[in-house]
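No lab work stands behind these numbers, since they all come straight from the coordinates. Here the structure is a predicted model, which means the values were calculated and not measured. Methodologically, a virtual Cβ is constructed for each residue, glycine included, from the backbone with ideal geometry; neighbour enumeration extends over all protein chains shown.
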Amino acid sequence: MLPALLTCKCPSCRKTTIFVHKGIFPLGELVLLKDYCEVCGQKMKSERNNGGGINYALTVVLFILNLGWYWPIFGMSYKDNSMYYYLISSTLVVILLQPYLMRLSRAIYLYLYVGFGNTDK
Ligand SMILES: [Zn+2]
């Protein structure tokens, strides 16, 4: 299930992507979901959209993950500016991954939504 989630595949059949566009362009339609899965008919769109909240949670997770590589490589101390460098580098990573994060948060929400039995075919 996790690989299907990370590649934003249909939560029901995991055969096709949940997004209208395969790539991240056009950016304006980045998170545009298909109405229904063409393979299994799973409804993709939901009226409620909690993608934003999940996106925020993912951002926090990324900051923590960044700490995992930053700390051993550069070290962290209150005596110098390493805290600021860590925050800046983490922010850059989050911005670079933002298109993917936006999609992933939609996918996670859809998986939760479908997972709780609200299939609504
Ligand atoms: Zn499907």
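Return 36, 113 ranked ascending by Cβ neighbour count within 10 Å, so the fewest neighbours appear first.
Final ranking by Cβ density, sparse to dense: 36, 113.
Among 81, 66, 55, which one shows the biggest mean-square fluctuation in a GNM of the chain, springs joining Cα atoms closer than 10 Å?
81
Which lysines have a Cα less than 30 Å from the Cα of residue 43, not counting those fewer than 8 places away in the same chain?
9, 15, 22, 34, 121
In what sequence do 1, 76 fall when counting other Cβ within 10 Å, fewest first?
The fewest-first ordering by Cβ neighbours comes to 1, 76.
Tell me, what is the percent relative contact order of segment 2-115, built from C-alpha pairs under 8 Å that lie six or more residues apart?
Relative contact order for segment 2-115 comes out at 32 percent.
So what does the Cα-only Debye profile of the chain read at q = 0.12 Å⁻¹, as log10 I(q)/I(0), no solvent term?
For the chain, the Cα-only Debye profile gives -0.52.
Quick one: dipole size for segment 2-115, taken about the Cα centre, charges +1 on Lys/Arg Cβ and -1 on Asp/Glu Cβ, in debye to the nearest 20.
With Lys and Arg at +1 and Asp and Glu at -1, about 320 debye.
Which of 108, 88, 54 moves the most in a Gaussian network model of the chain with Cα springs under 10 Å?
88
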